[in-house]
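Report on the structure given below.
The values are calculated or read from the model by the stated rules, or taken from the named source; none is laboratory data. Since we're looking at a predicted model, the values are computed, not measured. Methodologically, a virtual Cβ is constructed for each residue, glycine included, from the backbone with ideal geometry; neighbour enumeration extends over all protein chains shown.
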Protein chains: 2
Amino acid sequence: MTICVDVLATPGELEGEDLSGAFVVVVDVVRATTTLLAGLEAGARRAHAVESVEDALDLRRSIGEDDVVLCGERGGRRIEGFDLGNSPLEFDPESVAGKILVCTTTNGTRTLSRCEGADGLWLGCFRNRAALVERFAKALRGGLGGGPSSRLLIACAGKEGRLGLDDHLCAGLIVEGLAAAVPEARLSDGARSARAAAKEIGMPSAAFLATTAAGEALVEIGLKADLEYCAELDVSRSVPRLEAGGFSLSERT
Amino acid sequence: MTICVDVLATPGELEGEDLSGAFVVVVDVVRATTTLLAGLEAGARRAHAVESVEDALDLRRSIGEDDVVLCGERGGRRIEGFDLGNSPLEFDPESVAGKILVCTTTNGTRTLSRCEGADGLWLGCFRNRAALVERFAKALRGGLGGGPSSRLLIACAGKEGRLGLDDHLCAGLIVEGLAAAVPEARLSDGARSARAAAKEIGMPSAAFLATTAAGEALVEIGLKADLEYCAELDVSRSVPRLEAGGFSLSERT
């Protein structure tokens with residue numbers, strides 16, 4: 001059994017990548033994966049990530065307007081006509097409990113859509129880093145997907161096609177945890193680079209996030225408060241998994 | 001004057017990137033940029049990097065067969081009908097002095113072709129790392145290209161669209177040198193990630209290169225000896241620059 005842990009630092013690396021047989025964690029710390037996790041923890045039944053505003057409106061129509069909370073951003077701000085933006089702080093039980101989230105963002109949901117061919121797809125961020133490490137440390141040894149090899153790929157959403165230091169650090173911290181728990185795992189060049197960067201950078205903080213391209217853009221539009229929430233490490237036990245088109249907390253570690 | 005140092009960890013990040021006004025260093029440690037540097041230092045007049053075998057044959061025809069040395073690889077091996085492969089050890093004065101190199105490789109020359117819109121284009125590798133740092137430390141302060149901003153972009157060729165740890169380490173070591181020499185330079189997320197990884201990984205060695213995806217592929221086809229040459233740090237004073245379609249040593253530091 002070959003166990004491989006891989007990191008894609010940029011969404012462009014997904015092109016031509018065969019995801020069948022792979023389990024994938026998408027990371028968009030600031031903010032899509034952090035926010036979808038917040039929405040599910042606030043009681044949303046499931047969360048759909050779609051690429052465009054049109055797709056979001058179509059999906060709301062087919063699910064039924066009363067059940068859906070439309071959320072997401074363009075340029076960091078709530079989309080006109082949408083119920084919520086992309087700030088995790090907006091997702092409280094009053095707004096989303098029992099509802100189905102339909103979300104579109106600039107970077108995160110696009111990367112999520114590109115990964116739908118994977119054997120399994122999860123949402124990752126700083127908040128559920130330790131929970132993900134535990135979930136996959138066990139599973140990697142048992143053989144993900146039941147095949148002869150066991151491959152976990154961490155796909156960073158980045159920022160407009162470019163590497164995002166927030167996501168790269170998060171991926172590196174996940175690799176660090178997995179490499180410690182499963183020392184026989186083979187790390188790809190991308191995984192080694194992310195882990196090395198994480199070892200040097202250390203733990204996340206809101207101040208650190210504010211210096212990254214994604215964090216800086218948020219601060220510029222007055223959403224600095226989100227960064228405190230996004231920077232909290234290992235505070236959630238939830239590992240949202242894609243099932244039947246939507247992410248849910250069916251797998252709570 | 002804003003001074004910015006940027007790293008693209010993967011070639012896909014070049015898509016949609018506006019290179020006008022930017023100075024670009026392409027890094028393909030194993031082996032295109034190392035090999036082209038070797039060829040120029042062995043006395044080749046200039047070196048053309050082209051994307052395909054057909055382009056290489058066309059260019060040889062238009063330059064004239066007697067003046068050209070065709071070189072490059074597919075699958076790491078010399079292309080049928082070509083004079084040389086892509087091993088830097090093949091490029092001695094006997095083979096290339098006074099000649100024009102026309103080269104095509106799997107990753108490096110493709111990335112070079114995509115960067116031709118830059119205001120200036122150079123070849124980077126471990127061997128000329130310090131020479132590049134010196135050349136750009138001066139120039140960044142003076143304003144590259146004479147505009148109001150000064151931007152140096154280090155583009156890693158990677159391996160088949162993916163991040164290559166060899167190139168990422170080299171980019172990080174260039175950033176480390178520049179950040180020390182020009183502390184006011186603003187580092188992009190990509191530059192910070194590469195620098196952090198380089199600080200953790202340390203100096204290159206043939207043994208380190210043999211553990212990367214690119215190095216491993218070379219070892220598999222019996223070309224391990226190339227890695228010693230590729231891993232040597234700061235041993236060259238040459239900074240090959242693109243002029244009139246070909247790289248030459250017109251700029252020797």
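Could you name every one of the helices (runs of 4 or more DSSP H) located completely within region A:147-238 that has at least 2 residues being in contact (Cβ under 8 Å) with a residue 12 or more places away in the chain and surrounded by 24 or more Cβ atoms within 10 Å (Cβ to Cβ)?
Answer list for region A:147-238: A:165-181, A:189-201, A:213-220, A:225-231.
Here's the yes/no breakdown for (1) more than 25 Å from residue B:167 (Cα to Cα); (2) at the interface with chain B (Cβ under 9 Å from one of its Cβ atoms):
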residue: A:137; (1), (2): yes, no
residue: A:143; (1), (2): yes, no
residue: A:155; (1), (2): no, no
residue: A:170; (1), (2): no, no
residue: A:179; (1), (2): no, no
residue: A:187; (1), (2): no, no
residue: A:199; (1), (2): no, yes
residue: A:207; (1), (2): yes, no
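Could you figure out which of (1) away from every other protein chain (no Cβ under 14 Å); (2) farther than 21 Å from residue A:77 by Cβ; (3) not in a loop (DSSP other than H, G, I, E, B) isn't true of residue A:35?
All conditions are met except number (2).
Somewhere in region B:92-100, is a residue at pLDDT 95 or above and within 27 Å of residue A:13 (Cα to Cα)?
Within region B:92-100 (the criterion being at pLDDT 95 or above and within 27 Å of residue A:13 (Cα to Cα)), the answer is no, since none of the residues qualifies.
If you check B:239, B:235, which single one turns out to be in contact with a helix residue (DSSP H, G or I) (Cβ under 7 Å, 6 or more places away or on another chain), of a type in the set (A, V, I, L, M, F, W, C) and away from chain A (no Cβ under 14 Å)?
B:239
Find the residue count for region B:60-104, including only residues that are in contact with an Asp or Glu (Cβ under 7 Å, 6 or more places away or on another chain) and either surrounded by fewer than 17 Cβ atoms within 10 Å (Cβ to Cβ) or not in a strand (DSSP E or B) (or both).
The total comes to 7.
Going by what's in this entry, would residue A:220 be described as among the acidic types (Asp, Glu) and either within 21 Å of residue A:2 (Cα to Cα) or at the interface with chain B (Cβ under 10 Å from one of its Cβ atoms) (or both)?
no
Out of the residues in region A:68-122 that are in contact with a Pro (Cβ under 9 Å, 6 or more places away or on another chain) and not polar (S, T, N, Q), state the one that is farthest from residue A:232 (Cα to Cα).
Residue satisfying both the conditions and the ranking: A:114.
Anything in region A:7-28 that is within 12 Å of another protein chain (Cβ to nearest Cβ), buried (at least 24 other Cβ atoms within 10 Å of the Cβ) and not in a helix (DSSP H, G or I)? List them, or say none.
Those that are within 12 Å of another protein chain (Cβ to nearest Cβ), buried (at least 24 other Cβ atoms within 10 Å of the Cβ) and not in a helix (DSSP H, G or I): A:7, A:8, A:9, A:10.
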